[in-house]
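Note sheet for the following structure.
The values are calculated or read from the model by the stated rules, or taken from the named source; none is laboratory data. For clarity, every value in this text was computed on a predicted model and none was experimentally measured. Reconstructed Cβ throughout: ideal geometry from the backbone, glycine too, with neighbour counts over all protein chains shown. Please note that ligands, DNA and RNA were not included when accessible areas were found on the heavy atoms of the full protein model with its side chains. Shrake-Rupley method; radii C 1.70, N 1.55, O 1.52, S 1.80 Å.
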Amino acid sequence: MDLILETLGLKKSFQGTAAVDDVNIHMKKGSVYGFVGPNGAGKSTVMKMILNLMEPDSGEVRVFGEKITASGFEIFKRMGSIIENPYFYDTMTAWQNLDLYCEYMGFPDKERIDEVLRLVDLHRAGNKRVRHYSMGMKQRLAIARAILTRPEILILDEPVNALDPEGIREMRNLFRHLNHEEGTSVLISSHILSEVELIADTIGIIRQGRLLAEVSMDEIHKHQTEYISLQVDNTAHAALLLEKMGIRKFSVQDDENIRIYDSEISGKTISEALVKEGVGLESLWRRHDTLEDYFFRLTEGGLS
Ligand code: ADP
């Protein structure tokens, strides 16, 4: 497996309390890795150690197959990132801030500045001082800076939390575009599973400093069970009829709902049989377990 980024036994404590406890991340080249966990789970701390902004107590980080060291600046030229509240020079314009970043990174292609401002929809505000930017605009500018030098890996810590739903959708499309068209590998954190589910091909779940699961979406889709959800007025009567029809794999959820885990049987057959026997049928749906359901089962305790 071609790993572009991995962490090996990463640990970090603050005042004797473990914030990151033996985290082993395996990120494939060209993938979008969704790093998901509630606030305080340890996501930022892991990402800071990946970017060498914080030293681990033990363990190591490997990027492009090389161990990260304090003096390894060249590696960071190939990475773009957003960590916590991004810092900008307030009295300078967005364009000037990006220009300064190009200088600092030794990146000569100044045309790229206009290009990234356009990509994050800030091209009309490029000459405005950052002081006059809203939170959402600053977040877009941070994304522009992260992708400015065409990095091979993007490390994005909650990159869309100040954006409205439309902005979130636009940025998701941008990350997808960078991944598909430019081959950028993306590590993106969020406390909302559904926010990364749409773009990630691998999900890592972290809680209380521990990586509880690391699974590819392909694997998840294989295990997501399909079922028929029935809402009826009399579950006891309905259950009896289902048994009579030879259906064994079902469960009564409460006094209205039944789930049938038999993918062969058609919804039409069931509804006709129930109605014929006088069971009031409110609704019948074919459903999938959600991703939350899947991880709940996997981690036996929920995600928050
Ligand atoms: P997340 O990014 O998932 O919200 P963090 O990595 O920011 O989580 O925090 C993980 C835990 O470590 C939290 O309990 C947080 O309070 C603690 N923590 C993070 N940074 C520091 C620090 N510099 N000093 C003390 N505690 C910290």
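ASP2 meets the conditions (1) over 28 Å from TYR133 (Cα atoms); (2) open to solvent by 50 Å² or more (accessible area, probe 1.4 Å); (3) modelled with pLDDT of 95 or more; (4) more than 16 Å from the ligand (Cβ to nearest atom) in every case but one. The failed one is (3). Filtered by the rule that a residue be more than 16 Å from the ligand (Cβ to nearest atom) and either farther than 12 Å from PRO86 by Cβ or of a type in the set (A, V, I, L, M, F, W, C) (or both), segment 143-161 gives ILE143, ALA144, ALA146, ILE147, LEU148, THR149, ARG150, PRO151, GLU152, ILE153, LEU154.
Within segment 213-235, the set of residues being part of a helix (DSSP H, G or I) and either of a type in the set (Val, Ile, Thr) or free of Cβ contacts under 8 Å to residues at least 12 places away in the same chain (or both) comprises GLU219, ILE220, HIS221, LYS222, THR235.
When each of GLY246, GLY183, GLY209, GLY204 is tested for being open to solvent by less than 10 Å² (accessible area, probe 1.4 Å) and at positive phi, the lone residue that passes is GLY209. For segment 145-172, a residue qualifies if it is without any contact (Cβ under 8 Å) to a residue 24 or more places away in the chain and more than 15 Å from SER134 (Cβ to Cβ), and the qualifying residues are PRO165, ARG169. Could you tell me whether any residue of segment 81-94 is under 22 Å from GLY183 (Cβ atoms), in contact (Cβ under 8 Å) with a residue 24 or more places away in the chain and not β-branched (Val, Ile, Thr)? Yes, some residue in segment 81-94 is under 22 Å from GLY183 (Cβ atoms), in contact (Cβ under 8 Å) with a residue 24 or more places away in the chain and not β-branched (Val, Ile, Thr). Could you run through segment 47-76 and say how many residues are farther than 23 Å from THR149 by Cα and surrounded by 21 or more Cβ atoms within 10 Å (Cβ to Cβ)? Number satisfying all stated conditions: 1. In segment 77-117, of all residues being polar (S, T, N, Q) and within 16 Å of the ligand (Cβ to nearest atom), the one that is least open to solvent (accessible area, probe 1.4 Å) corresponds to SER81.
Checked against the criterion of being away from the ligand (no atom under 16 Å from the Cβ), in contact (Cβ under 8 Å) with a residue 24 or more places away in the chain and charged (D, E, K, R), the candidates LYS43, LYS29, LYS48, LYS11 yield just one match: LYS29. I need the full set of residues from segment 252-280 which are at pLDDT 90 or above, among the small types (Gly, Ala, Ser), under 42 Å from the mean Cα position of the chain (by Cα) and loosely packed, with under 15 Cβ neighbours inside 10 Å, in order please. GLY280, the sole residue that qualifies.
Kindly establish whether VAL120 is more than 16 Å from the ligand (Cβ to nearest atom), over 23 Å from LEU141 (Cα atoms), surrounded by 14 or more Cβ atoms within 10 Å (Cβ to Cβ) and not charged (D, E, K, R). Quick ask: steps written out before the conclusion?
Details: more than 16 Å from the ligand (Cβ to nearest atom): yes; over 23 Å from LEU141 (Cα atoms): no; surrounded by 14 or more Cβ atoms within 10 Å (Cβ to Cβ): yes; not charged (D, E, K, R): yes.
For VAL120, the condition - more than 16 Å from the ligand (Cβ to nearest atom), over 23 Å from LEU141 (Cα atoms), surrounded by 14 or more Cβ atoms within 10 Å (Cβ to Cβ) and not charged (D, E, K, R) - is not met.
Residues of segment 183-205 that are within 16 Å of the ligand (Cβ to nearest atom) and either acidic (Asp, Glu) or closer than 18 Å to HIS26 by Cβ (or both): LEU187, ILE188, SER189, GLU195, VAL196, ILE203, GLY204, ILE205.
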